[in-house]
């Protein structure tokens, strides 16, 4: 078991060394490893969508974004974190990512307090729900030990939501932490927490789209320095 790595280990491609994080809330996600990899949409609480979010967050065409971390909050019980700087032998397909999540759940007994279980390089399971994870990754002065430990001291928390400010109106943030929900809306409690912690509330377009597509758009916005550099 190990703590999350320092931000300097997270690569230096986008934002010249800055880190990028995504927190995705999986409201129906499994919290035990007893699910089939052959039925992710129906038998695993839309783990297929969460797996696609990991793929969109981490992978380039022929590489991986080493400065990115993706945090999957599973039914407000556990958080499984994927670190682009240290993950190994991860393939960009739903089944492979879901297998890593299942492996993390199988190792959940090793997560004690805020000390994670690390069943494979770059994949950690924390015994933390949404509030603790959000405070750890993006909570600023309220940060607790967890998946955000060792990260940037002043990240910019950005809620992606259909009622937010249009993305092009947002100044390119330093060390952004994008927070988004699965196929369900944020609950009232989650929305209240985001109202307190999030620095920005942003929409990526005029239509409702899948969470993994929103992640791709967010990356394009950062890659192009706010649609100014191609």
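Residues satisfying the criterion are present in segment 160-172 (criterion: buried (at least 18 other Cβ atoms within 10 Å of the Cβ), modelled with pLDDT of 95 or more and more than 17 Å from residue 27 (Cβ to Cβ)).
Among residues of segment 113-146 being at pLDDT 90 or above and part of a loop (DSSP other than H, G, I, E, B), the one that is surrounded by the most Cβ atoms within 10 Å (Cβ to Cβ) is 116.
Of the residues making up segment 32-52, not a single one is modelled with pLDDT under 95, buried (at least 16 other Cβ atoms within 10 Å of the Cβ) and in contact with a strand residue (DSSP E or B) (Cβ under 6 Å, 6 or more places away or on another chain). Taking residues in segment 13-30 that are at positive phi, and partners anywhere that are at pLDDT 95 or above, the pairs with Cβ atoms closer than 7 Å and at least 6 places apart or on different chains are 15/222.
Among residues that are in a loop (DSSP other than H, G, I, E, B), touching a strand residue (DSSP E or B) at 6+ places or on another chain (Cβ under 9 Å) and either at pLDDT 95 or above or surrounded by fewer than 21 Cβ atoms within 10 Å (Cβ to Cβ) (or both), residue 28 is not included.
In the set (1) at pLDDT 95 or above; (2) in contact with a helix residue (DSSP H, G or I) (Cβ under 8 Å, 6 or more places away or on another chain); (3) crowded, with 24+ Cβ neighbours inside 10 Å, the condition left unmet by residue 66 is number (3). Only residues that are without any contact (Cβ under 8 Å) to a residue 60 or more places away in the chain and not in a strand (DSSP E or B) were counted across segment 72-92, and they come to 9.
Reported count of residues in segment 204-218, each being in contact (Cβ under 8 Å) with a residue 40 or more places away in the chain and surrounded by fewer than 19 Cβ atoms within 10 Å (Cβ to Cβ), is 5. Within segment 147-159, the presence of at least one residue that is at pLDDT 95 or above and under 23 Å from residue 28 (Cβ atoms) is confirmed.
Applying the set (1) crowded, with 20+ Cβ neighbours inside 10 Å; (2) under 21 Å from residue 116 (Cα atoms) to residue 77 leaves exactly one unmet item: (1).
The values are calculated or read from the model by the stated rules, or taken from the named source; none is laboratory data. The model shown is predicted, which means the values in this text are computed figures rather than measured ones. Ideal geometry is used to build each Cβ from the backbone, glycine not excepted, and the neighbour counts take in all protein chains shown.
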